[in-house]
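The values are calculated or read from the model by the stated rules, or taken from the named source; none is laboratory data. Nothing here was measured: the structure is a model prediction, and the numbers come from that model. Note that we place each Cβ from the backbone using ideal geometry, even for glycine, and neighbour counts take in every protein chain shown. Only protein heavy atoms, including side chains, enter the accessible area calculation; ligands, DNA and RNA are left aside. Shrake-Rupley method; radii C 1.70, N 1.55, O 1.52, S 1.80 Å.
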Amino acid sequence: MSATLLRTSAVRSALRSSPRASFGAATFVRGKATLPDLKYDYGALEPAISGKIMELHHSKHHQTYVTSYNNALEQVEAAQAKEDIATQISLKPLINFHGGGHINHTLFWENLAPKNQGGGEPPSGALSKAIDEQFGGLDSLKQKFNAALAGIQGSGWAWLVQDTQTGNIGIKTYANQDPVVGQFRPILGIDAWEHAYYLQYQNRKAEYFGAVWDVVNWKAAESRFK
Amino acid sequence: MAATTYTLPKLPYAYNALEPAISAQIMELHHSKHHQTYVTNLNNAAKSLATAQANNDIPTQIQLQPALRFHGGGHINHSLFWQNLAPPSSLDTKINAAPKLSEAIKATFGSEKAFKDKFNAALLGIQGSGWGWLVRFDNENGRIGIVTTKDQDPVVGAGEVPLFGVDMWEHAYYLQYLNGKAAYVENIWSVISWKTAEQRYLGKSADVFASLKASM
């Protein structure tokens, strides 16, 4: 995965580059990934997600993925310049993990919102219709989604995805920071890493999975649905 | 056929005994909630497995393998982990308590420090939830090596003997260290029981897992 992929992916609007990147092909210096600003305050998702969790999650965890992705990318570029294929391949897990962490968190912040910005308001339009048709309603979707979240063995994410081949929606879980790329399009993601909830919910993760729906931004999900 | 019931092992020390390396709050949640959940779910999986075996239902037996691996692995890993920790004031946490193992470590890694540096780097390189272990490989002339495992995968391969492990799930350190896992990795050495590691190094594979059978 390269910076090019990030620029052309569905999340490009959120993945902003530094000013140097605006020189584009005119320079050899590629754009660095940067931490996106949140569109709401750290405390705005309370009581579903505490301000302390949001601050650590965004300013520390997400920042580390951004920093480590940029470091890995630099090494990839150095290896490419030396035509060192073995090193390029050995760096792929780091790109997947840290690049995936950057993608996943960026999408996650966007698909959450405080109540006064529409958080928790049910979806409408075509996505709502697809949910009704394929899950028998929003409540049924939430139930199945929460079961998927609870079934993750270790760190990972659950996503409502759209199959780019059939257009159908479905629930898929991904290990660690594996991003939703390829055949499936990310519509809505929930972070099931312990750092996403532990300070507030400890081992009671089912309570987090229940509460997070109060701050899901279905408008963002709708805009990803095609 | 009735399934064996596994139970949560008692800790050989108090919840606050590993402070300041690991807080009492972490230890209590980790043992009484997280480990207990693995035990409960292992028993559920074992019961379903026994039923499927009694019915000669092979698809269901295979379908249950991931649950057995995850929850059984969680029970094994945590049971071994509690035993390979000790209060920092204990002489068990000094490397002198492991004369033969420390010899092997020096012969393999050059020095104790070089070993710890490599072990720490392995722990910090885990992408997601998992564990780091020092392992003896009986099928490879008894060499020792550092192994990381994902999620709750246990070290149970043929000839593999886990000597000590460090839990790198976020629940093992987050309440105290937050995103600063490097500090957790540094401090864990003050509570590693070299005495337990030496016993496992000198013992057989079955000895390492003996206490798990005792908890049946």
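From the list B:Ile126, B:Ile62, which residue is crowded, with 16+ Cβ neighbours inside 10 Å and either of a type outside the set (Asp, Glu) or touching an Asp or Glu at 6+ places or on another chain (Cβ under 9 Å) (or both)?
After ruling out the rest, the residue left standing is B:Ile126.
If the Cβ limit is 6 Å and pairs must be 6+ apart or interchain, which residue in region B:56-82 that is small (Gly, Ala, Ser) pairs with which residue that is part of a helix (DSSP H, G or I)?
B:Ala67/B:Ala45; B:Gly72/B:Leu42; B:Gly74/B:Tyr38; B:Ser79/B:Leu212
Tell me yes or no: at least one residue of region B:141-155 is within 14 Å of chain A (Cβ to nearest Cβ), assigned to a strand (DSSP E or B) and acidic (Asp, Glu).
No, every residue in region B:141-155 fails to be within 14 Å of chain A (Cβ to nearest Cβ), assigned to a strand (DSSP E or B) and acidic (Asp, Glu).
Please give the number of the condition A:Gln162 fails out of (1) part of a strand (DSSP E or B); (2) within 14 Å of chain B (Cβ to nearest Cβ).
All conditions pass for A:Gln162, except number (2).
Filtering region B:24-36 down to residues that are without any contact (Cβ under 8 Å) to a residue 40 or more places away in the chain and loosely packed, with under 15 Cβ neighbours inside 10 Å, which residue is farthest from A:Gly151 (Cα to Cα)?
For region B:24-36, the residue satisfying everything is B:Ala24.
Filter region A:59-91 down to the residues that are touching a Leu at 6+ places or on another chain (Cβ under 9 Å) and closer than 19 Å to B:Leu175 by Cβ and list them by number.
A:Ser59, A:Lys60
Considering each of B:Asn43, B:Asn96 in turn, give the residue that is exposed (fewer than 15 other Cβ atoms within 10 Å of the Cβ) and not in a loop (DSSP other than H, G, I, E, B).
B:Asn96
Going by what's in this entry, would A:Asn70 be described as modelled with pLDDT of 95 or more and buried (at least 16 other Cβ atoms within 10 Å of the Cβ)?
yes
For A:Ile85, which of the numbered conditions (1) within 25 Å of the chain's Cα centre (by Cα); (2) open to solvent by 50 Å² or more (accessible area, probe 1.4 Å); (3) more than 12 Å from chain B (Cβ to nearest Cβ); (4) not aromatic (Phe, Trp, Tyr) fails to hold?
It fails just one condition, (1).
For the structure I just gave you, tell me whether B:Leu212 is open to solvent by less than 20 Å² (accessible area, probe 1.4 Å) and not in a loop (DSSP other than H, G, I, E, B).
Judged against the criteria, B:Leu212 is a match.
Given the condition part of a loop (DSSP other than H, G, I, E, B), more than 14 Å from chain A (Cβ to nearest Cβ) and on the phi < 0 side of the Ramachandran plot, answer yes or no: does some residue in region B:175-196 qualify?
Yes: one or more hits.
In this structure, does A:Asp191 turn out to be within 14 Å of chain B (Cβ to nearest Cβ), closer than 17 Å to A:Ala147 by Cα and touching a strand residue (DSSP E or B) at 6+ places or on another chain (Cβ under 9 Å)?
Yes; evaluated as a whole, the condition is true for this residue.
Go through region B:160-172 and count every residue that is under 10 Å from A:Glu194 (Cβ atoms) and not charged (D, E, K, R).
Total meeting the criteria: 3.
Exactly one of these conditions fails for A:Phe145: (1) touching a helix residue (DSSP H, G or I) at 6+ places or on another chain (Cβ under 6 Å); (2) more than 19 Å from A:Ile103 (Cα to Cα); (3) buried (at least 21 other Cβ atoms within 10 Å of the Cβ). Give me its number.
Result: A:Phe145 passes all but (1).
Could you identify the single residue in B:Arg143, B:Arg200 that is loosely packed, with under 14 Cβ neighbours inside 10 Å and either in contact (Cβ under 8 Å) with a residue 12 or more places away in the chain or among the charged types (D, E, K, R) (or both)?
B:Arg143
Is it the case that region A:190-197 has a residue that's assigned to a strand (DSSP E or B) and either touching a Lys or Arg at 6+ places or on another chain (Cβ under 6 Å) or modelled with pLDDT under 95 (or both)?
no
Per-residue answers, yes or no, for (1) small (Gly, Ala, Ser); (2) loosely packed, with under 14 Cβ neighbours inside 10 Å:
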position	(1), (2)
A:Lys115	no, yes
A:Gly118	yes, no
A:Phe135	no, no
A:Ala158	yes, no
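Check region A:99-113 and report whether any residue there is exposed (fewer than 15 other Cβ atoms within 10 Å of the Cβ) and either more than 15 Å from the chain's Cα centre (by Cα) or not aliphatic (A, V, I, L, M) (or both).
No, region A:99-113 contains no residue that is exposed (fewer than 15 other Cβ atoms within 10 Å of the Cβ) and either more than 15 Å from the chain's Cα centre (by Cα) or not aliphatic (A, V, I, L, M) (or both).
Which residues, taken from region B:106-121, are under 19 Å from the mean Cα position of the chain (by Cα) and either more than 16 Å from B:Tyr184 (Cα to Cα) or surrounded by 20 or more Cβ atoms within 10 Å (Cβ to Cβ) (or both)?
Passing the criteria: B:Phe115, B:Phe119.
Identify, by number, the condition in (1) modelled with pLDDT under 95; (2) open to solvent by 40 Å² or more (accessible area, probe 1.4 Å) that B:Asn179 doesn't meet.
Checking B:Asn179 against (1) modelled with pLDDT under 95; (2) open to solvent by 40 Å² or more (accessible area, probe 1.4 Å), the one that fails is (1).
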